[in-house]
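Inspection log for the structure reproduced underneath, given as structure tokens.
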Amino acid sequence: MNKIVKYVLHDIFRNRILLAYVILLALSSSGLFLMNEDISKSLSSLLTVMLLVVPLVSILFTTIYFFNSYEFIELLIAQPLERGRILSGVYFGIGLSLLIAFWLGIGLPVILFDGTTVGWNFLLAGSLLTLVFTSLAFFASVLTRDKTRGIGTSLLLWFYFTLIFDGILLGVMFAFSDYPLEKLTIFLTCLNPVDLARILVLLKMDISALMGYTGAVFDQFFGSGNGMVVAISVMLAWVIVPLVIALLIFKKKDL
């Protein structure tokens with residue numbers, strides 16, 4: 001598996017799209033920090049960029065790379081190698097490359113301008129979000145052999161988690177506003193990794209107005225410390241579960 005990871009890393013680092021991703025993140029993060037003297041405001045603005053761009057690039061790049069590497073994967077399957085080790089190697093190669101890109105583009109500026117606990121927490125949330133949408137991309141990719149359908153499914157997942165889900169949550173809260181919704185809100189929030197990443201950052205920032213109802217409930221119900229543990233644990237589940245499902249489908253799939 002190590003050789004597969006090294007090959008994927010070497011192949012991806014020659015990709016100009018990844019370089020453009022690093023430059024985009026670096027320009028966005030550095031620009032926001034330089035234009036605003038208030039570090040907390042810069043981080044809150046950068047958080048909005050991260051919650052939209054990082055999931056989109058992670059899920060699209062992974063899906064496209066997976067389908068472009070299909071012949072390479074088929075070649076590996078023809079060898080005496082377990083399918084699970086093959087897919088895991090490809091996943092770790094892509095995930096590691098996207099993490100490196102994220103840390104180069106956003107990690108270095110954040111550490112430079114805000115090396116506090118808040119900054120490190122920001123980078124933790126972004127790293128988990130990268131791995132979550134890489135796992136979701138693998139799940140979407142193994143469902144079909146058609147590249148167009150795979151990319152369409154990935155875009156639909158991104159659109160759902162970043163835009164549609166919040167509308168559904170607001171609709172539920174409005175429809176059942178006469179009932180106590182704290183526990184239901186926490187449960188529904190755990191179903192969206194993007195909301196969890198946002199809460200993970202805002203729990204460490206003194207910006208209660210930006211936390212929204214779900215973030216405030218998280219903070220009130222668990223407290224900032226326990227809320228962090230719950231959010232990180234659920235985010236890790238979002239990394240593992242889609243990947244495990246993808247592995248199970250891939251093992252039984254007729255290529």
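Values for this structure:
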| read-out | value |
| --- | --- |
| Computed magnitude of the charge dipole of the chain (debye, nearest 20; Cβ of K, R +1, Cβ of D, E -1) | 940 |
| Euclidean distance of C-alpha centroids, segment 70-100 and segment 1-28, integer Å | 15 |
| Point-to-point label distance, Leu108-Ile249, nm (Cα→Cβ direction, 7 Å offset) | 3.7 |
| Overall form of the chain per C-alpha gyration tensor (a/c, 1.5; a/b vs b/c) | oblate |
| Potential extension, Ala20-Leu191 segment - 0.36 nm per residue separation minus Cα distance | 58.5 nm |
| Ranking of Ile100, Ile106, Ile4, Ile59 by count of other Cβ atoms within 10 Å, fewest first | Ile100, Ile4, Ile106, Ile59 |
| Violating pairs (Cα-Cα greater than 28 angstrom) within the set Lys3/Lys253; Lys3/Lys251; Lys6/Lys41 | Lys6/Lys41 |
| Ranked list, fewest to most other Cβ atoms within 10 Å of each Cβ, for Trp120, Trp158, Trp238, Trp103 | Trp120, Trp103, Trp158, Trp238 |
| Charge dipole of the chain about the Cα centre (unit charges at C-beta), most positive-ward option of Phe61, Trp103, His10 | His10 |
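Read the figures in this text as sums done on the coordinates, not as results from a lab. It should be emphasised that the depicted structure is a prediction, and the values quoted were computed from it without experimental measurement. Positions of Cβ are generated from backbone atoms using ideal geometry, with glycine treated the same way; all protein chains shown enter the neighbour counts.
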